[in-house]
1. If the cut-off is 14 Å between C-alpha atoms, which aspartates and glutamates fall inside it for residue C:37, apart from same-chain ones fewer than 8 positions away?
2. Shortest first and in nm with one decimal, please list how far the residue B:54 label point sits from its counterparts in the other copies (point 7 Å along Cα→Cβ).
3. Among C:254, C:116, C:160, which one shows the biggest mean-square fluctuation in a GNM of chain C, springs joining Cα atoms closer than 10 Å?
4. With the alpha-carbon atoms as the only input, what is the per residue convex hull volume for the protein assembly as shown in Å³?
5. Please turn the phi angles of the range D:92-109 into ³J(HN,Hα) values with the Karplus equation 6.51 cos²θ - 1.76 cosθ + 1.60 (θ = phi - 60°), one per residue in order, whole Hz, x for glycine and proline.
6. Loop-only check: which trypsin sites (Lys or Arg not before Pro) in the range A:91-149 are DSSP coil with at most 15 other Cβ within 10 angstrom?
7. Over every pair of different alpha-carbon atoms in chain A, take the mean of 1/r and invert it; report that Kirkwood radius in Å.
8. Show that you can apply the helix-only estimate: for chain C, add -39,500 (n - 2.57) for every DSSP H stretch of four or more residues, divide by all residues, and state [θ] at 222 nm to the nearest 500.
4 protein chains.
Amino acid sequence: MPAQNPVFIPGPTNMPDSIRKACDVATIDHRSPAFAKMLRPAIAGVQRVLKMETGEVFLLPATGTGGWETAITNTLNAGDRVLAARFGMFSHRWIDMCQRHGLTVEILETPWGEGAPLARIEAALKADSTHKIKAVLATHNETATGVKSDIAGLRKALDAAGHPALLMVDGVSSIASMPFEFTAWGVDIAVAGSQKGFMLPAGLAIVGMSPKALTAMENADLPRTYFDLRDQQKGYAAGAYPYTPPVGLINGLAHAITLLEDEGIEAVFARHHRLAEGVRRAVAAWGLTLCATSPDLYSDTVTAVVAPEGFDGTAVVQLAAEKYGVAFGVGLGEVAGKVFRIGHLGMLSDVMMLSGLATAEMVMADLGWPITLGSGVAAAQDYYRTTA
Amino acid sequence: MPAQNPVFIPGPTNMPDSIRKACDVATIDHRSPAFAKMLRPAIAGVQRVLKMETGEVFLLPATGTGGWETAITNTLNAGDRVLAARFGMFSHRWIDMCQRHGLTVEILETPWGEGAPLARIEAALKADSTHKIKAVLATHNETATGVKSDIAGLRKALDAAGHPALLMVDGVSSIASMPFEFTAWGVDIAVAGSQKGFMLPAGLAIVGMSPKALTAMENADLPRTYFDLRDQQKGYAAGAYPYTPPVGLINGLAHAITLLEDEGIEAVFARHHRLAEGVRRAVAAWGLTLCATSPDLYSDTVTAVVAPEGFDGTAVVQLAAEKYGVAFGVGLGEVAGKVFRIGHLGMLSDVMMLSGLATAEMVMADLGWPITLGSGVAAAQDYYRTTA
Amino acid sequence: MPAQNPVFIPGPTNMPDSIRKACDVATIDHRSPAFAKMLRPAIAGVQRVLKMETGEVFLLPATGTGGWETAITNTLNAGDRVLAARFGMFSHRWIDMCQRHGLTVEILETPWGEGAPLARIEAALKADSTHKIKAVLATHNETATGVKSDIAGLRKALDAAGHPALLMVDGVSSIASMPFEFTAWGVDIAVAGSQKGFMLPAGLAIVGMSPKALTAMENADLPRTYFDLRDQQKGYAAGAYPYTPPVGLINGLAHAITLLEDEGIEAVFARHHRLAEGVRRAVAAWGLTLCATSPDLYSDTVTAVVAPEGFDGTAVVQLAAEKYGVAFGVGLGEVAGKVFRIGHLGMLSDVMMLSGLATAEMVMADLGWPITLGSGVAAAQDYYRTTA
Amino acid sequence: MPAQNPVFIPGPTNMPDSIRKACDVATIDHRSPAFAKMLRPAIAGVQRVLKMETGEVFLLPATGTGGWETAITNTLNAGDRVLAARFGMFSHRWIDMCQRHGLTVEILETPWGEGAPLARIEAALKADSTHKIKAVLATHNETATGVKSDIAGLRKALDAAGHPALLMVDGVSSIASMPFEFTAWGVDIAVAGSQKGFMLPAGLAIVGMSPKALTAMENADLPRTYFDLRDQQKGYAAGAYPYTPPVGLINGLAHAITLLEDEGIEAVFARHHRLAEGVRRAVAAWGLTLCATSPDLYSDTVTAVVAPEGFDGTAVVQLAAEKYGVAFGVGLGEVAGKVFRIGHLGMLSDVMMLSGLATAEMVMADLGWPITLGSGVAAAQDYYRTTA
């Protein structure tokens, strides 16, 4: 029997039935007003979710990686310098992309498990008195380590340095699940993906651009066509696309926003926090620790659990899949084998979360980890039932 | 956010995606060969699931209740006497139906929590030396109490009494989940429903008839049209129906049987037993007891848990629904308030089951029941992980 | 490649995607308030579609045949006399059902192609001075011949005779597609099915009962359980069912009514009339005639086209299916072979209808019928484009 | 009522139900073996459809435009010269993309309505004795004009010139609908999209690369990350992706290939030819002409019909959408207003096609075009029925 257990990877997330149905649309003419009726509410909805007061939102038929490429190729010039901290696989990959596109990246190497080093970033910006740095890249939620960074703090650092660099934020695994304030935080470019907080299949890169980023777009000379936002702008003005749009995903996105707003976006954040806190209490009950080094860094969408000395985090993920049909996330890069990750974002309830924790316990017991069956579940139950 | 937690009612069950899709078919001409291609494998598949060597299977667009009515109206005559034990809500309802249709029911009142009283049945049959009793009704799995009865034993009782009555079995909540042997057990009529072990939506009554039952059909004078199997027989011979068939459900049934047989029907039974045993270990760990009075009676599809003195089983069901969005079953009839029921049939995994047990624990704790959070989960985990 | 051509059978109809999705619901607890929230609008919506001011609506998990059985078994007593005209296969079948249930049917044999003979019915009622006739059965739209009957006229006949018989109407292939006025016409029982004007899969019998019919229900002694409306009444009062309800179909029905009312129920009738009129103009352009003997009898949901002398209507249906993958309806009973039927109800547009007419033309040409390719299409096009 | 008429745009196409269902998959772990089981048959299937004996296939989460970008950025270097003919909107766009990415395009301006000018291409290649031209771009089926080009002829031109340039073919609107022979024709890069012959939603760019193209990939210096095939290669080797793959589309693609091969790929081509020929006969019966200037150029997936002097092709498309709910394609670029386009690819039957032709006739009549209702339909019927 196909198990249909929930997944506990940090995205793609479990999907509501109604979103799956909204994505499954019969073919329409994507140059017709029927399509414009799907597109406009999707864009307006993303603006509300981002808390974007001015700026524009673009929906590219791509993944979050395409969103990163959209961000840099539309605003930067060959040889430009960007500043970025590296503290996980996803911050690493964005840096690597910049280098492939001919940018010079000033990399602040940071221990995996920590977040964006605000003081060092501020220092680097202050040291750049000629404003060679054109952009600061930030990974809001480092999916590899379960660490969130302080984006409002980054804005303060930029302001303290009086530095005009664009603030580009990878919010792929945070947006629509954790608080995000595009305008209040002074974000210039925010990148999200359909398959995380928006609970859709992968296939849409969601990019928000501030007026300042839109201005930068006009002169940017990095080559681009597929991701060229000037073509998107022209298309959207006519309710259309420069090429064939992913109609189903856009219809699904509009519906996802309805679901998020029906629940209440703050309630969505609170639910994610509550789910995450239950997981963290379970981890504590198991006597284990998190990869994230301090509570202010704890992600509410993914938790990286450190394997005890002598045990392999990857084995947990493999055995959970093979023996119980449940998906967790392996450690990546520097923390490969050292952690396993529990995703807790998107369509998820406390009840579903408990089955994930119960499964993790069985697997750890199977592998001889020194944990007590039911202990983490009980800690989470206790928290969930008193906060429901 | 819609929770999409699994349900833990004793049917309808959680449904595999692929079954839902198989049920969702565009309109076809139900008088065309395309329909016959759906119907024939569905019927043949049910025969295999029933372990029926001779006899016929009928698929009525109705629920299990319609299946009962099909059984009695097609084989009995007004004023006929039938023998039935009453030990739960579903055995009661079939008896009530017989009375409404003008049959005389010899009722063996039996404590709820026990199964069919073989010795008393045998005695009653032996006492009926003139063979006034035309049918013995048996509820294979009494969904109200979580009790299974010994159908092979009933056949032995009939044979011991040398009695020609038809053996009619309500297998609605057992067939396709628990061992059932139509031919080996000498069953004359078996009634199943689409929404239990077959994991389909409600809407199909599935009725198996032995050659002897088919013969009885020819002279039965209880009025019937919708459920008249003679019309069905004529229809099936032409690959069609006497009225508009529920095409989607029939296509879905054929697919469900493919899923059951891909898993292996014995493996399906073993999975149900394993899931049920984990639930029973959890109940024991909670310090609670079952409604079923002895292990040989334990149902593998539903467990009725007795509320401790002073507590209300119905409250568990209500709070689970309201606070956690999880469905359990209330006690019915004589055991209303005295038990709550955990369904564990259909598309279900150990992982899903654990979320049900974890939820039940939270609810019981919320209601002040004297149980320890995590205790039942741990007992089930221990069993599941060593038997996976 | 699966053709996915529209069907042109007189039901089940082509289904809107959104209805199929509304029918495909994950399992919920059918005893929970969530189910009541589906049931109540479905029932209220049917009342509006029926134009029922007083009375009750019941939704049985069955087909239209089950609706007929519900009508008679809930209101009549063994041996009761009913009056019915027979002028097609469906009026025949209801008569046959009455006889199987022990009723005495006074049959007014009427040529197939004509409708209910009002004068003869009035005469029969007047002749029944002792009011032995307990019900008059009427087939509003005889699907076998494409003939509608005058239900308002039947009420006048009853009133003219001062006769208290119940007026029972089979509206399976008319309700929700053609004007129907439950209260204004003095209908006592109306029977509909999910798979026609409501555009759902087969599986729901929809029965409307007047206060007078509800009163008759209390003393009716025909045996019934599955179709016993007293159990339904008790269930609905609690937002539930006496057995497991077909949740998906009920949710789908509520949605179908939303679609009908979004279009406007009078607009739905007008669309059906317009589609039908285009078909009739095509038939005229082919030089063929209808089975219905006069324009006041023309059905707006199905057209039975008479085969020219020497040609076989059934061959049209068979060749259309085999060669072009298009479903039409064969002639049934007395008109078997003499006609073929074009269904034009449910989800259907002028554009879809034209493909049906074009296909019929190809088939008739293939079979050597004396028609001109494109002639019927052109006549329908001319009508459709000037009335769009 | 939502009309659910077929669409007659040149892609996205009408989609089979089973493909829509195959695309709608619950979330799985895209790093698990379950995903590899979807990916590998999809890739192998595309290879068969392309008739590719050596080389590799890549599936990018993008549209055909992304496929073009993949082709050029993975094989060319900044400043490289490419040769391309411009004879429609899609050949124009690819040229424009090359220019945006810093390539020098030698453009052979060609009248819209004609195909790739083989003799001029051969001459240009021969004139390039130092082999500055690194690639020849060809639009196999120019969707804007309904013109196919002779790709085998292009290979002959390259060979006749002894020129080593890569042969890059845009087969977006031809592949899987019209004959295509990757290896036999000596194609180096073929680009297709999910939403045309593969009958999927938009969202997958499908790129086939010859060994020679794969070799070029190693040294190409155009910046790329999202479309970098080296990352894809590494991913596929592990049954995975460099980023989150569009699981549903890949599963759907594997299923689409099953449908194509169940029909038989040659039968698929024959069906498209037959549908197209019926359309062309209808156009002739209307007294109208095609944009394609000679029969050897006629596309089997889209027909561009030239509006008579004084009439506007775009008006046909607008009125068809507004009045009849049917989608055709407008003229683009140089032929805007001068033509309207009828798409006839993907899931389409003769029966569906006839409704498109009948609609076009109504619209043209509504707009006062000098055509006779039913004339084109009759011509197509006559052809379809004698070739079915």
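No value in this document is a laboratory result; all are computed from the given coordinates. Small disclaimer: the values here were computed from a predicted structure and weren't measured. Every residue, glycine as well, gets a Cβ built from its backbone with ideal geometry; the counts of neighbours run over all protein chains shown.
1. Within the straight-line cut-off, residue C:37 pairs with C:29.
2. In nanometres, ordered from closest: 6.0, 6.7, 8.9.
3. C:160
4. Dividing the Cα hull volume of the protein assembly as shown by its residues yields 166 Å³.
5. With coefficients 6.51, -1.76 and 1.60, one gets 4, 5, 5, 4, 4, 4, 4, 5, 4, 8, x, 8, 9, 10, 8, 9, 9, 5 Hz.
6. Answer by residue number: A:132.
7. 21.3 Å
8. -13500 deg cm²/dmol, from helical runs alone.
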